[in-house]
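Asks: There's a structure below that I have some questions on.
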Amino acid sequence: MRISAKDLGWLAVDDFCPRCFWIERHANGLPYQMGFPGIFSSIDAYTKNIVERYVKNNKELPKWLSSIGDIKRIISIKPSEFKTERGGVTLSGMPDLMFERHDGSFAIVDYKTAKYTGNQDALMPVYQIQLNGYAYIAEAIGYRPVRDLYLVYFEPPYRETYDAITDGHTNEDGFDMPFKPVIHRIKKDTAEIDVLLGKASRTYELSRPPTGLAGCKDCKRLEDLICIVSNGS
Ligand code: SF4
């Protein structure tokens, strides 16, 4: 089985449903699934390009990332090579930015286009595992030690800040949108990765889907849907 570091993070949340996980991993695609909005991948790709170009030209991080510390070189690695295998499970993924510091340690950064809400963010446990999953892979393939993990949120302007946006953001070709970066440090602790990989493997290997979450209405709706289709055919 193959699982991304981000998907592994879902196994760490309180309301993780092993049934949903099993079905998703065994089904050849699920109905009514909405794809990831293309605008976010465009913003991520643009941000990566901006940072990489700045580091190449200036040998340092952009000012708005400088509190992250020094940088010796950006690590460029093919997504197909950023993976490791444990107990029959391949853990994969691709950090938005991985770099080496002058002391030989490594740092990993992931970008999020969202408002920063700190530990109030319901997705924070997922992100903690995602970043530590990247660290786990990086160290397994030789980039060690990984010492620092960061989330960088890029907050779009909110209504209350519109008045402060100057005409400088408008030009003949269109306009640009300023994003405010907010840096959140994640504790490096890869101990849980092995535990979650084991949990993922055991759940996946079950011969039948396990019991779902008590009280979840969606499974009932699904049964009703199947009933309607069966009775109608
Ligand atoms: S109980 Fe809910 S979360 Fe679990 S499989 Fe059913 S629909 Fe999915």
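Asks: Report yes if Tyr134 is touching a strand residue (DSSP E or B) at 6+ places or on another chain (Cβ under 8 Å) and assigned to a loop (DSSP other than H, G, I, E, B), otherwise no.
Replies: No.
Asks: Checking Arg53 against (1) crowded, with 18+ Cβ neighbours inside 10 Å; (2) away from the ligand (no atom under 16 Å from the Cβ); (3) free of Cβ contacts under 8 Å to residues at least 24 places away in the same chain, only one condition comes out false. Which one?
Replies: (1)
Asks: Might you check whether a residue that is among the β-branched types (Val, Ile, Thr), under 23 Å from Asp121 (Cα atoms) and surrounded by 11 or more Cβ atoms within 10 Å (Cβ to Cβ) occurs anywhere in segment 15-31?
Replies: Looking only at segment 15-31, we keep the residues that are among the β-branched types (Val, Ile, Thr), and these are 23.
Then drop every residue that is not under 23 Å from Asp121 (Cα atoms), which leaves none.
No, segment 15-31 contains no residue that is among the β-branched types (Val, Ile, Thr), under 23 Å from Asp121 (Cα atoms) and surrounded by 11 or more Cβ atoms within 10 Å (Cβ to Cβ).
Asks: Of Asp96, Asp15, Asp70, Asp44, which residue is within 16 Å of the ligand (Cβ to nearest atom) and closer than 26 Å to Tyr153 by Cα?
Replies: Numbers: Asp96 fails: within 16 Å of the ligand (Cβ to nearest atom); Asp70 fails: within 16 Å of the ligand (Cβ to nearest atom); Asp44 fails: within 16 Å of the ligand (Cβ to nearest atom).
After ruling out the rest, the residue left standing is Asp15.
Asks: Just checking, does segment 141-151 include any residue being under 29 Å from Asp15 (Cβ atoms) and either in contact with a Leu (Cβ under 6 Å, 6 or more places away or on another chain) or not in a strand (DSSP E or B) (or both)?
Replies: Yes: one or more hits.
Asks: Turning to a different aspect of this structure: Looking only at segment 28-37, decide whether some residue is of a type in the set (A, V, I, L, M), away from the ligand (no atom under 13 Å from the Cβ) and closer than 30 Å to Arg202 by Cβ.
Replies: yes
Asks: Could you run through segment 167-210 and say how many residues are in a helix (DSSP H, G or I), surrounded by 14 or more Cβ atoms within 10 Å (Cβ to Cβ) and among the hydrophobic types (A, V, I, L, M, F, W, C)?
Replies: Residues flagged as in a helix (DSSP H, G or I), surrounded by 14 or more Cβ atoms within 10 Å (Cβ to Cβ) and among the hydrophobic types (A, V, I, L, M, F, W, C) within segment 167-210 amount to 4.
Asks: How about segment 179-232: which of its residues are more than 16 Å from the ligand (Cβ to nearest atom), without any contact (Cβ under 8 Å) to a residue 24 or more places away in the chain and of a type in the set (A, V, I, L, M, F, W, C)?
Replies: Here is the first cut: in segment 179-232, the ones more than 16 Å from the ligand (Cβ to nearest atom) are 179-198, 201-202, 205, 207, 228-232.
The next check asks that each one be without any contact (Cβ under 8 Å) to a residue 24 or more places away in the chain; those that pass are 191, 195, 202, 205, 207, 228-232.
Passing the criteria: Ala191, Val195, Ile228, Val229.
The numbers here are math on the coordinates, done by the rules we state, and not lab data. Predicted, not measured: the structure shown is a model, and the values here were computed from it. Glycine also receives a Cβ, built like all others from the backbone with ideal geometry; neighbour counts cover every protein chain displayed.
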